[in-house]
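Inspection log for the structure reproduced underneath, given as structure tokens.
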Amino acid sequence: MNRVLLVRLSAMGDLVQSLGAVVALRDARPDLEPVLLTQRAFAPLLAGLRGVTVVEHDRRGGIGAVLRTARTLRALRCATALDLQGNWKSAGLALLSGARERIGAAAAWRQEPWSRVWLTRTVAIDGERHPARIATALVRELAPGAAVGPPRLEALPAELDGAAAAVRALGIDASRPFRVVTIARPDDPRAQRPAALAAELAAGAMPTLALLGPGEADLAVPGGVAVLRQQASALRELVALGALVARAGGEVVGPDHGPLHVLAAAGARTSALFGPQDPRCTAPPQARVLQHAAPPACMPCRSRRCRHPRGPVCMDFTSATGRVPS
């Protein structure tokens with residue numbers, strides 16, 4: 001069987017967004033075996049992804065890790081490589097894989113435009129630089145009729161049981177609708193509004209818990225809000241939590257970051273709070289998008305530190321286009 005390499009190293013949300021296209025290629029071209037290259041830290045998300053070979057790359061391993069990954073890829077003898085990411089590292093690994101045909105997005109849709117020189121062919125993308133749109137366009141170069149759906153992550157029954165036990169330990173009935181509010185890092189402009197929002201929503205009829213990742217230990221969450229702390233290695237638990245929310249008929253609310261994308265792909269009904277980010281470039285296809293009704297002129301913004309004189313006013317959703325669930 002011929003193999004095709006798909007390179008999507010980061011970020012976590014972008015990897016998740018690309019999975020719909022990866023699965024579509026697998027289904028539309030049974031004569032091809034997809035090989036998905038991603039960061040080692042994200043590989044647990046892909047457990048159970050049938051018919052796809054996952055290769056892990058250690059991004060912290062320096063040149064030695066690059067050479068080890070290159071040897072692994074060369075042994076797989078992929079004839080074609082699709083650069084879903086669009087930067088020097090992804091194009092370089094596609095080159096080092098030995099694939100004779102290397103296809104990626106054209107310069108205007110690449111994170112690092114000049115990295116296209118390591119490709120043999122580039123493709124113009126119809127629309128904004130969204131990871132799912134780029135992955136779809138590149139996959140359809142090999143499977144023109146591929147039907148690409150939203151990304152899906154599946155939890156095992158044992159994982160669902162573990163998530164239910166963790167939620168029950170916080171005093172929430174996991175069999176009835178409950179809400180998860182995801183919180184971003186303390187130094188991220190996206191963090192401020194969701195933390196306050198968790199307290200506001202906790203006063204409603206639906207039980208609410210705040211989900212904090214390993215980088216958010218210092219973030220103050222208002223009293224009265226149940227807090228579930230995620231460990232760095234607990235990505236499967238995150239998938240299970242999203243599936244549990246979906247099974248219970250609950251919902252997820254949070255900013256545009258990796259955990260929100262995972263929960264949405266696991267089936268949870270999702271409201272994505274878009275402040276600095278442009279939803280045309282990163283919004284999960286399953287999510288309802290909430291934005292400031294009269295956004296400041298500095299939106300969209302890719303800075304990790306807000307420079308607005310009044311702080312991250314873009315994260316004020318009191319007059320959002322859409323309604324924060326009550």
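The values are calculated or read from the model by the stated rules, or taken from the named source; none is laboratory data. Keep in mind that this is a model prediction, so the values were computed, not measured. As a convention, Cβ positions derive from the backbone with ideal geometry for all residues, glycine included, and neighbour counts pool all protein chains shown.
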Take residue 129 and decide whether it is modelled with pLDDT under 95, farther than 27 Å from residue 48 by Cβ and in contact with a Cys (Cβ under 9 Å, 6 or more places away or on another chain).
yes
Result of the Cβ filter at 7 Å on segment 254-278, keeping first residues that are touching a residue at least 40 places away in the same chain (Cβ under 8 Å) and partners that are in a helix (DSSP H, G or I) and of a type in the set (Ser, Thr, Tyr), at least 6 apart or interchain, is 256/282
Per the filter on segment 150-171, residues in a loop (DSSP other than H, G, I, E, B), surrounded by 13 or more Cβ atoms within 10 Å (Cβ to Cβ) and out of contact with any strand residue (DSSP E or B) (no Cβ under 6 Å at 6 or more places or on another chain) are 150, 151, 152, 153, 154, 155, 156
Cβ pairs under 6 Å, 6+ apart or interchain, first in segment 20-33 and among the acidic types (Asp, Glu), second surrounded by fewer than 19 Cβ atoms within 10 Å (Cβ to Cβ), ordered by first then second residue, are 33/1; 33/3
Among residues of segment 152-186 being without any contact (Cβ under 8 Å) to a residue 40 or more places away in the chain and touching a Leu at 6+ places or on another chain (Cβ under 8 Å), the residue nearest to residue 19 (Cα to Cα) is 185
Among 65, 79, 43, 75, the single one that is of a type in the set (A, V, I, L, M, F, W, C) and crowded, with 16+ Cβ neighbours inside 10 Å is 43
Quick count over segment 47-62, residues being among the hydrophobic types (A, V, I, L, M, F, W, C) and modelled with pLDDT of 95 or more, is 3
Of the conditions (1) of a type outside the set (Lys, Arg); (2) farther than 25 Å from residue 47 by Cα; (3) not assigned by TED's automatic domain parsing to the domain that holds residue 255, the single one that residue 131 does not satisfy is (2)
Selection from segment 271-280 of residues farther than 23 Å from residue 126 by Cβ and within 13 Å of the chain's Cα centre (by Cα) yields none
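Each row is one residue, and each column tells you yes or no for (1) at pLDDT 90 or above; (2) over 17 Å from residue 159 (Cα atoms); (3) surrounded by fewer than 16 Cβ atoms within 10 Å (Cβ to Cβ).
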site: 182; (1), (2), (3): no, yes, no
site: 199; (1), (2), (3): no, yes, no
site: 235; (1), (2), (3): yes, no, no
site: 250; (1), (2), (3): yes, yes, no
site: 260; (1), (2), (3): yes, yes, no
Among (1) surrounded by fewer than 20 Cβ atoms within 10 Å (Cβ to Cβ); (2) touching a Gly at 6+ places or on another chain (Cβ under 8 Å); (3) of a type outside the set (Asp, Glu), residue 119 falls short only on (1)
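A quick yes/no check of all residues on (1) farther than 28 Å from residue 43 by Cβ; (2) at pLDDT 90 or above; (3) over 15 Å from the mean Cα position of the chain (by Cα):
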site: 264; (1), (2), (3): no, yes, no
site: 268; (1), (2), (3): no, yes, no
site: 282; (1), (2), (3): no, yes, no
site: 285; (1), (2), (3): no, no, no
site: 294; (1), (2), (3): yes, no, yes
Exactly one of 38, 72 is part of a helix (DSSP H, G or I) and modelled with pLDDT of 95 or more, and that residue is 72
Qualifying residue in segment 6-26 (condition: at pLDDT 95 or above and touching an Asp or Glu at 6+ places or on another chain (Cβ under 6 Å)): yes
Notebook entry, point to check: Does residue 111 qualify as being touching a Gly at 6+ places or on another chain (Cβ under 9 Å), part of a loop (DSSP other than H, G, I, E, B) and either within 25 Å of residue 2 (Cα to Cα) or among the acidic types (Asp, Glu) (or both)?
Noted result: no
Subset of segment 123-140, residues in contact (Cβ under 8 Å) with a residue 12 or more places away in the chain and exposed (fewer than 15 other Cβ atoms within 10 Å of the Cβ), comes to 124, 127, 128
Result of the Cβ filter at 8 Å on segment 97-122, keeping first residues that are in contact (Cβ under 8 Å) with a residue 24 or more places away in the chain and partners that are of a type in the set (Ser, Thr, Tyr) and surrounded by fewer than 16 Cβ atoms within 10 Å (Cβ to Cβ), at least 6 apart or interchain, is 103/120
Quiz item: Do the conditions hold for residue 317, that is, is it surrounded by 17 or more Cβ atoms within 10 Å (Cβ to Cβ), aromatic (Phe, Trp, Tyr), modelled with pLDDT of 85 or more and not assigned by TED's automatic domain parsing to the domain that holds residue 127?
Solution: no
